[in-house]
Structure formats: structure tokens, C-alpha cells
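What follows is a single structure, and I will ask about it in a moment.
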């Protein structure tokens, strides 16, 4: 049996804006999707999806999941699964919902398992490329930040490149570790739908959107300084500002806004939606693990799934 893994991710600053070549700060988290690959008994690439997930998440993305394998095979692997069939079981401790990089994590995990099983010898750079090609089935024009976090883990500063220039990836220095809480709305939102909302907004109000995009980039640069200084209150305030910008772009949801306020009222230094929005996850920053865990108990008492994590 061959195995592979892919980290979940959280975007602290700059989602949506990163697709349009503005910088973002994101991180892999310790929760992972794991792929276990065995020789198949019937022709093809069979997936058994045992991941824990939000209601309707796996059903909603089943066609994209199949397409992600086709993308990776057509553009990277070049294998004949009719002659050498495989069966892949997806599991792990990453609770799958919109906004946590679940699609990229599954692609990276499967790529690692395929590389091991077929002795392809892929390094992380090649696995990352697989993850990007696979993630195109879920988001037509992914920035590349999800698959990068899923492949490498850790905190990253990322800016999408152009055809003639590579992506910019840096690893910021953290003055203090970040204790975060990610809470799921339980609502599955397709990334491509949220991306279309942003595209429509840009077409309708280009000057306003440029102003918002410029503000988002300034927030990322200020956050880099605050993170390096270990100034967690400043980081939290910048997260609040980032949430307002995403609301202005129209990708918020009333339940996301409710959870953001719930966490703020229960000790968060700052909170915002994370990922595509319109459902999925939000993320809150706390001064320490005790404060985070107290807020987590409150969210649990209201029936919400959550992920507690420490970055750095």
C-alpha cells in the first residue's frame, strides 16, 4: 500500500485578491487528508472517500474530484489506469468544508500516493505542480496558494506570478506563535461561484475594486511587520479590516458574519472569513491557547465544527 498526505490551509490575509496577483499570507495547518492507494480489481482510478465533511460537501464536488485526477494524469502523471488500475481511499483528520483547502489537500495526497506506488520519485516541487493542476478542477483559475500550503505546510507570503515570471513564495518570521480557531458554517460554497462574484464586481465597479485591492495589499504588508514583531493585537485588527474588504466584495455570508462576531465577543483579537467565502470557514486569532479553547467551547455549544491550531 502507498500513502500520501496533504495539509489543510488557512488564509490569514488576502484571499480572492491573491487570484489577481496581490499578495497573501497563508499557512498549512496540522490537519491532513491522507490517501491510501492499493492495486485495483477493476480498470480505472477508483476513489473511496471516507473523509469527514460538511453536509453535501462530497456530493457537491464529486465531478470536480474525478476531473482533478484527469487533470493530474493528463498533465503530469501520464499513466494508464485501465491497464494498471488503482483504488484510493481518502481519509485523515481534516474536516472538509469550503475554505480549508480540502480540494488541494486531496490532490496533493493522491499525487504523493501515486508517486510512491508507481515509483515516480516526485519531489515536493513536482507534487506541488500536481496539486495545482488538480485544483484547477475546483477553481478554474486558482492562485496556487492552496496547493503550496498543502504541499509544504508552514506560514507563507505568496504572490501569484505571470506566465513569464514564477510565483513569489516567502516564509515570514513569526515573533510569536499564532493560536487560531477555524469555525465551519457547515455551508458548502463552490470556489468558482465566489470567484465569479468577484469578477462581476470588478466588471461593474472597476475603480472601487482597485481601491479595495490596494487596501488589501497594504493590509498584507502591514501584517508582515506586525507578525515579525509579535504584535498580535495589531494582527487581529488587520484581520478585522480584511473581513470588511471581503464583505465589500460581496463574498460574505450572514452565518460567517455571525461567527466572526461570536468569536470577537469571546476573546478573539481579530476574526474574518477565510478562503472563498459565501459559506465555509472563518478564522479567529487569540492571545493564547487558553483564550482560543474557551471560544472553541462556546462554538461547540452552538453545534459548530471547528479546528484549533497553532501556527509557528
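Each row is one residue, and each column tells you yes or no for (1) more than 19 Å from residue 27 (Cα to Cα); (2) over 15 Å from the mean Cα position of the chain (by Cα).
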residue	(1), (2)
100	no, no
111	yes, yes
129	no, yes
135	no, no
168	no, yes
172	no, yes
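Would the range 91-102 turn up any residue that is touching a residue at least 24 places away in the same chain (Cβ under 8 Å), crowded, with 24+ Cβ neighbours inside 10 Å and part of a strand (DSSP E or B)?
yes
Here's the yes/no breakdown for (1) modelled with pLDDT of 95 or more; (2) within 30 Å of residue 140 (Cα to Cα); (3) in contact with a strand residue (DSSP E or B) (Cβ under 9 Å, 6 or more places away or on another chain):
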{"position": "229", "(1), (2), (3)": "yes, no, no"}
{"position": "232", "(1), (2), (3)": "yes, no, yes"}
{"position": "238", "(1), (2), (3)": "yes, yes, yes"}
{"position": "242", "(1), (2), (3)": "yes, yes, yes"}
{"position": "259", "(1), (2), (3)": "yes, yes, yes"}
{"position": "269", "(1), (2), (3)": "yes, no, yes"}
{"position": "273", "(1), (2), (3)": "yes, yes, yes"}
{"position": "284", "(1), (2), (3)": "yes, yes, yes"}
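Now a separate question. So residue 251 fits all but one of (1) touching a strand residue (DSSP E or B) at 6+ places or on another chain (Cβ under 7 Å); (2) in contact (Cβ under 8 Å) with a residue 60 or more places away in the chain; what number is the exception?
For residue 251, the exception is condition (1).
When the range 68-90 is examined, which residues are found to be surrounded by fewer than 16 Cβ atoms within 10 Å (Cβ to Cβ) and assigned to a helix (DSSP H, G or I)?
Answer for the range 68-90, where residues must be surrounded by fewer than 16 Cβ atoms within 10 Å (Cβ to Cβ) and assigned to a helix (DSSP H, G or I): 70, 74, 75.
Do we have residue 268 as surrounded by 19 or more Cβ atoms within 10 Å (Cβ to Cβ) and within 19 Å of the chain's Cα centre (by Cα) here?
Against the criterion (surrounded by 19 or more Cβ atoms within 10 Å (Cβ to Cβ) and within 19 Å of the chain's Cα centre (by Cα)), residue 268 does not qualify.
Going by what's in this entry, would residue 148 be described as assigned by TED's automatic domain parsing to the domain that holds residue 53, part of a helix (DSSP H, G or I) and farther than 13 Å from residue 15 by Cα?
The answer is yes for residue 148.
A further question follows. Please find, among 22, 51, the residue that is more than 19 Å from residue 279 (Cβ to Cβ), within 18 Å of the chain's Cα centre (by Cα) and assigned to a loop (DSSP other than H, G, I, E, B).
22 is the lone residue from the list that is more than 19 Å from residue 279 (Cβ to Cβ), within 18 Å of the chain's Cα centre (by Cα) and assigned to a loop (DSSP other than H, G, I, E, B).
Now for a separate question. For the range 246-278, name all the residues that are in contact with a helix residue (DSSP H, G or I) (Cβ under 7 Å, 6 or more places away or on another chain) and in a loop (DSSP other than H, G, I, E, B).
Across the range 246-278, the qualifying residues are 249, 250, 251, 252, 266, 267, 268, 269, 276, 277, 278.
The values are calculated or read from the model by the stated rules, or taken from the named source; none is laboratory data. Bear in mind that the values here come from a model prediction, so they are computed numbers and not experimental data. Note that each Cβ is placed from the backbone with ideal geometry, even for glycine, and that neighbours are counted across all protein chains shown.
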